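*Asks:* Got a structure for you, written out below as structure tokens; questions coming shortly.
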Amino acid sequence: MRLYSTNRSAAEVSFKEAVFKGLPDDNGLFMPVSIPQLPSAFFETIDKLSFQEIAFQVTKTLIGDEIPDADLKKIIDDVLSFDAPLVKVEDNISVLELFHGPSLAFKDFGARFMAKIMSYFLQKEKKEIHILVATSGDTGSAVAQGFLGMPGIKVTILYPSGKVSDIQEKQLTTLGQNITALEVNGTFDDCQRLVKEAFLDKELNNKINLSSANSINISRLIPQSFYYFYAYSKLKSLGLPVVFSTPSGNFGNLCGGLIAKRMGLPIHKFVASTNANDVVPEFLETGIFNPRPSVATISNAMDVGNPSNYARLVELYGKDLEAIKKDIFGTRYNDEETAQAIEKVYKAGGYIMDPHGAVAYLGLKEYAKTTGEKFSGVFLATAHPSKFIEVVEEIINKKIELPERLQTVVNKKKEAFPLTSDFSDLKSYLLKSM
Ligand SMILES: *Cc1c(COP(=O)(O)O)cnc(C)c1O
């Protein structure tokens, strides 16, 4: 697999180089030079394949022979140690539950795949790396879980003190082993700035092999295509066009679906569903991309004002707005509409949506209403409702059970190292921790 930069001034790299570099030197994003099609035989028999078999074929087709088949199979089996069930919610509407991994959010797919791939390449070279990651909540725990216990890899997570939920904080601060949490007296933006400064600091980089686990890493994008294929495999026999609605913030999840389609998956339409942070739906309507500071909502993992995968999205369509609009329908909902949807779906059939999944549900309904088309609709549920327990319990007026793996975390003791938002503090901490 060869990858180029969307800004086109950095040199092409291999898959391995893209994984460890994260970002090209020209600040663009890595994109595959070509996205190969899967053979038609694959789609003819896809409904007989397991999730792991589908994922293996997809990955092999994309990355080629950089990882031998047997090793790649093992990586995929390790990553997909949990299912992504498709659950019927209404006639012709199903939810694809992407929250059955260790951190209970869909980011487990990307983070686990990246972790296994990095560790595979590192073992061959006997190198050690130190991963630095800033988180506003979900990313940190998925990344930490992904790298937990991996030899040769240290992970340091920076999170803003008092600005993540109690459960999220417990998920970040109770793992131990090779994972350390730094509780920064500042905002998420401060955490991100500190990480950036660390990567620019010559002295640190001479002494420590720093690496990023950034959400735009190509190895986080690839596995986010797997479950679109898998959901399709279960709906294929119905013979209806398939529409996916993806609750979006940085648009990595949706880009995973666009890559699946480019590889030949017959997806009729994508619905890009956002909360009030609607920069991309607005772009689809006006053709103008106007990034701006994010606003806080109850679907907070989508509170993104400058979606980092926008460059990939337009690149996939050669910047042709009409072509993008043919594939993607954009919608947005406010918190009140989101809460009403959670309540309505719960009352109608007992299904409990989290606020992110609820935004995607609304997008699917609006698409159906606007077009009058008949289709198999799938909305992606990106987090377990208990991750947003206060919000959801109040809406449905009922206690939610914590899944066992969250319960265990809640009972553990928080261990975090307090830090100011001053870079010199982070630097001396990292130098001491070597
Ligand atoms: C990160 C996240 C999203 C947004 O995904 P993007 O790939 O950034 O669009 C949606 N829901 C949840 C629960 C998330 O954690």
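The values are calculated or read from the model by the stated rules, or taken from the named source; none is laboratory data. Quick caveat: nothing in here was measured; it's all calculated off a predicted structure. Note that each Cβ is placed from the backbone with ideal geometry, even for glycine, and that neighbours are counted across all protein chains shown. Just so you know, the surface numbers come from the protein's heavy atoms only, side chains and all, with ligands and any DNA or RNA stripped out. Shrake-Rupley method; radii C 1.70, N 1.55, O 1.52, S 1.80 Å.
*Asks:* So which of D26, D108, D69 is charged (D, E, K, R) and touching a strand residue (DSSP E or B) at 6+ places or on another chain (Cβ under 6 Å)? Step through it out loud before you land on a result.
*Replies:* On the way: D108 fails: touching a strand residue (DSSP E or B) at 6+ places or on another chain (Cβ under 6 Å); D69 fails: touching a strand residue (DSSP E or B) at 6+ places or on another chain (Cβ under 6 Å).
Selected residue: D26, the only one of D26, D108, D69 that is charged (D, E, K, R) and touching a strand residue (DSSP E or B) at 6+ places or on another chain (Cβ under 6 Å).
*Asks:* In region 188-217, what residues are touching a Ser or Thr at 6+ places or on another chain (Cβ under 8 Å) and more than 29 Å from K16 (Cβ to Cβ)?
*Replies:* F188, D190
*Asks:* Do you know which of the residues in region 198-236 that are outside any helix (DSSP H, G or I) and of a type outside the set (S, T, N, Q) is surrounded by the most Cβ atoms within 10 Å (Cβ to Cβ)? Give the steps one after another, and end with the answer.
*Replies:* Taking region 198-236 and keeping what is outside any helix (DSSP H, G or I), we get 201, 208-217.
Pick out the ones that are also of a type outside the set (S, T, N, Q) and you get 201, 208, 210, 213, 216.
On the way: D201: 17, I208: 19, L210: 17, A213: 28, I216: 19.
For region 198-236, the residue satisfying everything is A213.
*Asks:* So which of I400, I352 ends up being open to solvent by 10 Å² or more (accessible area, probe 1.4 Å), farther than 19 Å from D166 by Cα, within 16 Å of the ligand (Cβ to nearest atom) and touching a residue at least 12 places away in the same chain (Cβ under 8 Å)?
*Replies:* Selected residue: I352, the only one of I400, I352 that is open to solvent by 10 Å² or more (accessible area, probe 1.4 Å), farther than 19 Å from D166 by Cα, within 16 Å of the ligand (Cβ to nearest atom) and touching a residue at least 12 places away in the same chain (Cβ under 8 Å).
*Asks:* Being under 30 Å from T331 (Cα atoms) and of a type outside the set (K, R) narrows it down to one residue among E373, E404, E415; which is it?
*Replies:* E373
*Asks:* Have a look at F379, F423 and point out the one that is away from the ligand (no atom under 16 Å from the Cβ), buried (at least 16 other Cβ atoms within 10 Å of the Cβ) and not hydroxyl-bearing (S, T, Y).
*Replies:* F423
*Asks:* May I pose another question? Restricting the search to region 403-420, which residues are assigned to a strand (DSSP E or B) and open to solvent by 80 Å² or more (accessible area, probe 1.4 Å)? Before you say what the answer is, go through the steps one by one.
*Replies:* So the first thing to find is which residues in region 403-420 are assigned to a strand (DSSP E or B), and the list is 417-419.
Result: F417, P418.
*Asks:* Moving on to the next point. Please specify each residue of region 156-172 satisfying the condition of being of a type in the set (S, T, Y), over 18 Å from S386 (Cα atoms) and either in contact with an Asp or Glu (Cβ under 9 Å, 6 or more places away or on another chain) or at pLDDT below 95 (or both). Give the derivation first.
*Replies:* Going through region 156-172, the residues of a type in the set (S, T, Y) turn out to be 156, 159, 161, 165.
Those left that are additionally over 18 Å from S386 (Cα atoms): 156, 159, 161.
Correct list: Y159, S161.
*Asks:* When you go through V143, V164 one by one, which is the residue that is within 16 Å of the ligand (Cβ to nearest atom) and more than 17 Å from N300 (Cβ to Cβ)? Spell out the reasoning first.
*Replies:* Details: V164 fails: more than 17 Å from N300 (Cβ to Cβ).
The conditions single out V143.
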